[in-house]
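Have a look at the structure below before the remarks.
Computed from the coordinates by the stated procedures, all read-outs in this text should not be read as laboratory data. The structure presented is a predicted model; accordingly, all values stated were derived computationally and were not measured. As a convention, Cβ positions derive from the backbone with ideal geometry for all residues, glycine included, and neighbour counts pool all protein chains shown.
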């Protein structure tokens, strides 16, 4: 798999921005079939940083209702990537 196929998009929320500021950890939505080693290599290749640690989280689809209609939010695989001290990703800085 290519690096651009593994990393789908960044996840930017209040909680993830706190992780960026305090612990230098960045959160991405990733391909479900990718393992931790592939995720680390993809982040290093795309952003030119040194990855120290990767935590991978598989979420389950969640049932949601709007009035009478019900459906599911899709399952998402997230990766929390810890970078080496001094490295940062400019996309998250705003």
Can you tell me the orientation of helix 14-23 relative to the chain, as the angle in degrees between its alpha-carbon axis and the longest Cα principal axis, to the nearest 10? 20 degrees
Before rounding to the nearest 500, sum -39500 (n - 2.57) across all DSSP H runs of length at least 4 in the chain and divide by the residue total; then give [θ] at 222 nm in deg cm²/dmol. -7500 deg cm²/dmol
If you project the alpha carbons of the chain onto the principal axes, what extent comes out on each, in Å, largest first? 51, 30, 19
Against the longest principal axis of the chain, how steep is helix 36-47, in degrees 0 to 90 to the nearest 10, with axes from Cα atoms? 70 degrees
Tell me, what is the percent relative contact order of segment 3-86, built from C-alpha pairs under 8 Å that lie six or more residues apart? 34 percent
Show me 24-37, 70-83, 47-60 ranked by packing, highest mean number of other Cβ atoms within 10 Å first. 24-37, 70-83, 47-60
Determine the gain in length on full extension of the stretch residue 45-residue 63; use 0.36 nm per residue of separation and subtract their C-alpha separation, reporting nm with one decimal. 2.9 nm
Whole-angstrom gap from segment 74-90 to segment 17-62, using each part's C-alpha centre: 4 Å
Determine the gain in length on full extension of the stretch residue 33-residue 18; use 0.36 nm per residue of separation and subtract their C-alpha separation, reporting nm with one decimal. 2.6 nm
Enumerate the whole-percent occupancy of each 10 Å bin, from 0 to the last occupied one, for all C-alpha pair distances of segment 39-94. 20, 35, 21, 17, 7, 0
